[in-house]
Amino acid sequence: MKASLDTNVIIHLYRANLQNLLFDFFKDGIFIYEQIRNVELQRHGQDILKMVDEDIALGKIEVYTNEKLKNQAVFRIFEK
């Protein structure tokens, strides 16, 4: 199963040093939307941002851009 993380989940699990629960449970991958990484974590999760970025660099978390979402037809769900 693949999981998309929101800001609160990321912050709470990393602050509790329980982020490995994500990687153990979601074997097919973890992804976050670029807005969460670039805006929300900058505002609310400065203390854990380095750890998140390390996991992104290691390939444990994938950052989804608008273009990637469009290519996967996720945006079509929300179109009128």
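What follows is calculated from the coordinates using simple rules that are stated; it is not laboratory data. As the structure is a prediction and not an experimental result, all values here were calculated from the model. Cβ coordinates were reconstructed from backbone atoms using ideal geometry, including for glycine residues, and neighbour counts include every protein chain displayed.
Things worth noting here:
- A cut-off under 10 angstrom between Cβ atoms defines the neighbours of residue 68, and their net charge, with Lys, Arg +1 and Asp, Glu -1, is -2.
- Once Rg and Dmax of the Cα atoms in Å is calculated for the structure shown, the corresponding label among (i) 12.4, 35; (ii) 22.5, 67; (iii) 12.9, 41 turns out to be (iii).
- Shape call, region 24-71: gyration tensor on alpha carbons, a/c limit 1.5: oblate
- Cross-link reach list, aspartates and glutamates versus residue 70, counting only Cα pairs under 17 Å and skipping chain neighbours closer than eight places: 34, 62, 79
- Distance from the C-alpha centroid of region 8-22 to that of region 28-59: 11 Å, rounded to the whole angstrom.
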